[in-house]
Structures are given as C-alpha cells and as structure tokens.
Amino acid sequence: MEFSDGNQWHYVTDPAAYEQNRLMYEYRAASGSTGQMLIDTKFAQQRAAMQPLLDGMLYYQKPYNKETPEAQANMFCDLLGRLAPNEMVMLDIEGDINVPDPADFMHRWLGVVESRLNTLAWIYVPQSLSGVLTRAVTGNRIVKAPKYSGADQRGPAPSWPHDVHQYSDKGWFPGGNGPGDVNFTDLTVPQMLDRCRREATPAPPPPQGVPMPPRRAMWSPNCDDRPRNVTWLCFHTQEGNGTADSLARYLDNPASGVSYNTVGDASELIDVVPFDRSPWAALGANGRADHFCFGGSFSAWSRQQWLDCGMLDNAAAWLADRAQARGIPLAYVGTDGVRTGNPGVIGHVDWTRGANEGSHTDPGPNFPWDELIARAQRFTQPPGDDDMTPEQDKMLREVHFELTQRLPDRSDGQTPLVDTLLGHAINAATFARRNMDQAPGPRSGLLQRIADKLGA
C-alpha cells in the first residue's frame, strides 16, 4: 500500500481524486525546524477535508531542541484535540534537529502524547538515529524509515528495522498540487490502526480528601491480549533504587521481560500496560489482577520506612481508582483471599502462597496494608462525610494498628492479619479463667474480682 505525505507546500487540492487512489494520508501538523514550534498553515483545512473520506490519517510533529519534550507534546495534543477512530500520530525526530538524547526525548514525548490521546504513536527513524532508536527502544510501535530512490519509483528498502518505507520526495501525489513524499508498507490500514490501539486509561476519580497525583503513560510492549478476569488489586516492590520514571523506562525495553499496569513513587503515577491487557508481573496472576509497583522500593523495608517513603498517598489514589473501576472491595484479603477467590487487595506474596506459584514475597511482611487502605478510602469518601480532623484520623488508624497488627500473631505465617493484641488479650482472659477453675483453695480478693468479671 502507498500513501502520500503532505505539508503546507505539498498538499491535496482535489480530495476526490486522492480518495480514488489512496486509502490513507499523512500530514505534518507542527514543526520546530525553524527554531520555534509552528502549526502548519494548512493543517486544519487538510484534516477537515481528508479525514472523513479516508480509512486512515496520520499526523506528525517534527520537534526541536529549545523546549522540553513535554511542552512540545502538550502543544501537539492541544492542536489535535480528540483523535477520530481513523487517526494516528507520529513523532518525527530527524538528525538535523540536534536533540542531545533522542531516546530520552522520545520517551518523554510519548509519555504525554500517548496518555493524552490514548494511542500508541508511530516513530520516524532516519538512518542517522537507527543505532539509537532501535526496536528495543521503540518497542512494538510502527516505525517509518526514509531511504529515497532519487526517482519517483521505489528503490531498495532501508537496512534498519522499519514498518513503512518513505522512498521518494518526487513521487506521484494524486489530487495534489505537484509531486511529493510517498510511502510504501505491507501493512493494511486496519493493521496499522490496531497497532496503535489502546483502550482509554480511566481517569482517577475527582479529588475528595486529598489531591490526586500527576498521572501519565509510558506504554510497555511487555503485555499480551489473553482474556482477563480481574479479581484482585496486587502490589509489588521494585527491589532496587530508582523512580517511577526510571522503572517505566526499564519496562519499556522488551528485553526486560516484565511489566505492571502502573508504577508509582512519591511524585507521580505512570501507566505502563493498559488495563484491558495483561502485564507480565506475577505468572498466573497476570490476568487475574491489576498490578501496581512501587518505584525504588524494597520488601525488606520496616513499617516506618514505608510510612516515611512518601509513596503511599499516590498508591492509595491508584487503589481507589481501580477499586472503583473494577467494583473490587477496598479490603486486604491476603493469602486466604487468593485461595478462596475472594476479591480484594493482595500482595505478590499472597499469590505466591495462595496459588503455590513462584517465589516472590513482596511487598514484604512489614507493608502497612491498614494505612494504604485507610488512605484509599479517603479518596472514595464524599466531601463532608468525615468530621474528624487529620490528627484524629491518624490516631484512630494507630489504635486500629495497635489492636490488630502490632504484636506477632500465632498463625502459620501465611496470613499476617490474625488476632495480635486483641487476640492476645482474649487468650490471656481464657488462660486466667482456666487456671482459676483449676486452682485449689480459696481465691484472693483480686482473683475473685477477676473471676466475677469473667463469670467464672
């Protein structure tokens, strides 16, 4: 299949003639090649004229090195607005723009564009950047590569990996104002649209008790389309230093062989795998849970380290969002929940033990499930429903922790939330009653008063 590439100098003047000969049209929306970011003067007119007629449309931005990738990406998204079902986008990084780190620029630009437009973008990879923007970096995104034949006929294809070959700037431009760039691909338009398809990531619920965190996307190729039956919301640790951003970049590499639905730290949330796809996070649990990983975290942390890490609020926001989207209770169900299929919140360790699969024990024995869930509940609570001050709320949660989690339990070590302090108190009362029943002779005044209280 062939399609033409337009701009404000080479463009369609006869849409009907183009439609008769081409199924798809590419057009430059914005360019920074002049030293400032400019919107193509004919972009709006060409989009309005051609999009309703064709099976596929591709709009691209050629960036420059004087603004951040995020600023340029947001300008591009503001220009496009919502994409129609037949529309796609591309980042056109060319060697002459002198971006110091093209891979970093690409990741940061994609993080904004793919999140805001809910799509996977194409990547333009010239020969000068083919050693940098490799398949390991671009992932499963469609790659367009230029290699001009010098004529209006297609010549040899580029020697580096690509999906679309831009083969001439003198090619036939049906319905156009003269010759122009022309592209060839073995892909059909439906195949290209499918390669760019992503389900919209549900937005976090409106702010309630605390502000919602910044959220963007950096889609990983490490996922699959196997059917999902989500029962749990599962938490993981990275077991390494870093941030959500550095972890998401690592997961964007196919060689890593791992991914989660979302990663987060104290600053932001980054969606990595759409929620309609299965990440590679926990073997058989990949399709049974939505998965979250704390960037720069360790399962060996103490409870106090977790409370001090600054990441719990953002994780709680994600938990509230996914619980609401999935209809899953905000309750830690642990290993027993996995064994019985009871929906709720779990850690990777609970899948390991409940399903007898794997060896991971994160997020560790000291992870503050009570605190995470309490914070998540604040996001789902309508304004005005809680008359407690933050200090009173903190005190109540501390009392709950002291009563139910502070002391070691007497379980088999598989499920940490058993009786603890409250259970120990009951055990002590039972022990006292049994010993008083068996004690010979008269009881002292103190023992008799205890016995009276216990009904012994």
Practice problem: Can you check how the C-alpha radius of gyration of the range 309-371 compares to 2.2 N^0.38 Å, as a plain ratio? | Solution: 1.14
Quiz prompt | Fraction of alpha-carbon pairs over 30 Å apart in the range 215-386 - percent | solution = 9
Self-check item: Label zone at residue 229, where the point sits 7 Å out along the Cα-to-Cβ direction: the range 269-285 residues whose backbone N lies under 14 Å
Solution: 284-285
Quiz item: What number comes out for the charge environment of residue 342, summing +1 per Lys or Arg and -1 per Asp or Glu over other residues with Cβ under 13 Å away?
Solution: 0
Quiz prompt | FRET E, pair residue 149, residue 101, Förster distance 35 Å, beta-carbon r, rounded to 0.05 | solution = 0.65
Practice problem: With a point put 7 Å past each Cα toward its Cβ, work out how far residue 82 is from residue 267 in nm, to one decimal. | Solution: 3.3
Self-check item: Full-stretch length increase - residue 177, residue 65 - with 0.36 nm per residue and alpha-carbon distance subtracted
Solution: 37.2 nm
Practice problem: State the extension gain, in nm to one decimal, for the chain segment bounded by residue 127 and residue 14, taking 0.36 nm per residue of separation less the distance between their alpha-carbons. | Solution: 37.3 nm
Quiz item: Rule-of-thumb check for the range 2-196: C-alpha Rg over 2.2 N^0.38 Å?
Solution: 0.95
Self-check item: Inverse of mean 1/r across different Cα pairs in the range 14-60, Kirkwood, Å
Solution: 11.4
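Read-outs throughout are calculated quantities, based only on the coordinates presented, and are distinct from any laboratory measurement. Note that the coordinates shown come from a computational prediction; the quantities given were computed from them, not determined experimentally. All Cβ positions, glycine included, derive from the backbone under ideal geometry; neighbour counts span all protein chains shown.
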